[in-house]
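One structure below.
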Amino acid sequence: MFTHPMPELPEVETVVRGLRRLLPGRRIVSVRLGKTDFMDDPAALTSELPGARFADVRRHGKFIFAQLEAAANGDASSYLLVHLGMTGRLVVQGAESPAAPHTHAFFVLDDGRELRYTDPRRFGRIALFSGAQFASTLARLGAEPLEVSEAEFRRLLTGRRAMLKALLLDQRFLRGIGNIYADESLWRAKLHPARLGARLGSADAHRLLEAIRHILRAAIRLGGSSISDFVDANGAPGEFQLRHRVYDREGKGCFLCAAKIRRIIVAGRSSYFCPRCQPAPKKRKSTRRA
C-alpha cells in the first residue's frame, strides 16, 4: 500500500538544521508565488517580506518558523511559519536551478539563491505572523517530547482515557510525533497501541518516554525518513526508513522475536505492532449488580 506519511519531528528538525546554516543574515529581495490556496495571506507575503532579514530558523512541533527582522528598524517584528503538510519541501537552491514541478513559493535572497517551497498536494501551510499572533498559535500545541521531564510526562498521562497511539498523535499532548514515530516508539517500549494512557504505571511511562526520545534522536541523526517526498534543505533524502522496525511492515517478521507484524486501526490511522512483543491489553470483566 503506497502512502504519503506526513513529515514529523525528525524530518522537520532536519530541514530546520539545514536552513539554519543557510538563511540567518540573508535578506529577502522579492517574493514570487504560484498557487496560494494553502497560504493564509498571500498579499502580505509579497508586500511585507521584501527587505526583511532572516534572524533565526527554529522548529516547534511539526512547524518551521523563521524569525524575521524588518528592513526599517532591524527589530524581530514578524515570523514566517511553514508546515510541510504531506508532500511539502523547503529547499535553498541557486536561482539558475530549474524549479521542480509544483513549486509555489520563491523567496529570492540577496546572495542570488532562492528559498523554494514545493508541494504537489498543497496540504501544507505558509503564514506570516506578528509576535503576538505567533505566540498564541504556538501556545495551542503540547509539550516538546525531547524536552518534557518524566514527571511532566506522567502528569500528562494522568486521567487520559485515550489509547496510547491516539495520544501520541494528538499534537495537544506532545507536539511533533506522527504515525511513523508513534509506532516505532511503542514497539521499542513494548507497549500495545491500544493500551490506555491512564493505565500506564510509572515503569511503563518511563520506558515509553525513553523510547520516544531514543527513536526521535536516532531519526534526526539519520536525516529523517524518506518514504515518499521528504528531502532536507539541500534536497537530500533521509535514511531512517532503513531502520524502521514495525511501520509499514505488516506480515514481516519482528526483529526481536520473528512474530509477524500486524496492523490495526487506532484513532483512524493504521498502527503496526508485534503481537508478541506488544501484547494486547487485558479486557476488564464487567460487573453487574444482582
Next on the checklist: For the list (1) surrounded by fewer than 22 Cβ atoms within 10 Å (Cβ to Cβ); (2) hydrophobic (A, V, I, L, M, F, W, C); (3) free of Cβ contacts under 8 Å to residues at least 60 places away in the same chain, I need the number of the one condition that Ile220 fails.
Outcome noted: (3)
Next on the checklist: I'd like to check something: does the stretch 156-170 contain any residue that is of a type in the set (Lys, Arg), surrounded by fewer than 17 Cβ atoms within 10 Å (Cβ to Cβ) and at pLDDT 95 or above?
Outcome noted: no
Checklist entry - Of these, Ser136, Ser78, which one is part of a strand (DSSP E or B), over 17 Å from the mean Cα position of the chain (by Cα) and modelled with pLDDT under 95? => result Ser78
Checklist entry - Got at least one residue in the stretch 58-68 being within 21 Å of Pro145 (Cβ to Cβ), assigned by TED's automatic domain parsing to the domain that holds Phe106, assigned to a loop (DSSP other than H, G, I, E, B) and among the aliphatic types (A, V, I, L, M)? => result no
Next on the checklist: Just to be sure I understand, how many residues within the stretch 1-39 are surrounded by fewer than 18 Cβ atoms within 10 Å (Cβ to Cβ), in a loop (DSSP other than H, G, I, E, B) and under 20 Å from the mean Cα position of the chain (by Cα)?
Outcome noted: 3
Item to check | Looking only at the stretch 103-133, and only at residues there that are in a loop (DSSP other than H, G, I, E, B) and in contact (Cβ under 8 Å) with a residue 24 or more places away in the chain, the one that is surrounded by the most Cβ atoms within 10 Å (Cβ to Cβ) | outcome: Asp119
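The values are calculated or read from the model by the stated rules, or taken from the named source; none is laboratory data. From a predicted model like this one, the values you see are computed outputs, not experimental measurements. FYI the Cβ positions are ideal-geometry reconstructions off the backbone, even for glycines, and counts take in every protein chain you see.
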